[in-house]
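Below you'll find the structure, written out as structure tokens, and then a few comments.
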Amino acid sequence: MTAVAYASIDEFKAQPEFKSDDPVDDIYISDLLDRASRDGVDSYCQTWFYADTRTLAFDLPTSRRLYVDTPLLTVTTLTNGDGQVIPATEFFLWPYNDPSHSYLELYPISQYYWLPSLTKLDRSSVTVAGTWGEVDRAATDPRSLTVISATKSACLSIALSAYKKRYGQGVEGVAQVTGAGVVITPRGIPAEAKLALAPYRRML
């Protein structure tokens, strides 16, 4: 899935702080929301908050657990090191109730076990095809909705701060407008946005 903005133009204009007599530039606002999502929210949290489809490779586990270094949402295909597909009935994702998961584990009663690749040995031999990210923005469960709401709120706050700055209004935040578009720096993240994102920030 292509990276998405965490808020819409209509949601941006619906903010109480956006006055009806403020200059309106939908193209600029759209670019601003994209940058607030990528350079603001994602960069600040060192992760992303939408479902991205990809296949990732991992080293052969030393236990029944396969830890992943990227937040995992769903598994489409789990392929063992020997090339055999492990059925979805043979493993579970953990934590159970979080929007994303940090590892998958073969059931204790499963007849499957991790096997190395004949060419890679134990290095990057197990592959996981699925969706990755902190949350699927189409999800409707309460925990996902909390994450979606927090990232949307932060995106709007960052975008509004940069938008006001463009027109010389004295609000917190720093943004630059260049030939390449809007550039948002860490200083351009308002305090309320940082507070909303604090529970989801990954310290790498």
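When Tyr96 is tested against the conditions (1) of a type in the set (Ser, Thr, Tyr); (2) surrounded by fewer than 17 Cβ atoms within 10 Å (Cβ to Cβ); (3) at pLDDT 95 or above, the lone failure is (3). Under the condition of being at pLDDT below 95 and of a type in the set (Ser, Thr, Tyr), the residues counted in region 114-144 number 4. Of the residues making up region 113-148, those that are part of a strand (DSSP E or B) and in contact with a Phe, Trp or Tyr (Cβ under 8 Å, 6 or more places away or on another chain) number 3. Which one is modelled with the lowest pLDDT, of the residues in region 4-21 that are surrounded by 14 or more Cβ atoms within 10 Å (Cβ to Cβ) and assigned to a loop (DSSP other than H, G, I, E, B)? Ranking the qualifying residues of region 4-21, first place goes to Phe18. Just so you know, in region 89-132 the residues that are small (Gly, Ala, Ser) and closer than 17 Å to Asp52 by Cα include one that is nearest to the chain's Cα centre (by Cα), and it is Ser100. Residue-level analysis places Ala150 among those that are under 23 Å from the mean Cα position of the chain (by Cα), under 30 Å from Ile29 (Cα atoms), surrounded by 14 or more Cβ atoms within 10 Å (Cβ to Cβ) and at pLDDT 80 or above.
The values are calculated or read from the model by the stated rules, or taken from the named source; none is laboratory data. Everything numeric in this text was worked out from a predicted model, so none of it was measured. Glycine gets a Cβ as well: all are built from the backbone with ideal geometry, and neighbour counts include every protein chain shown.
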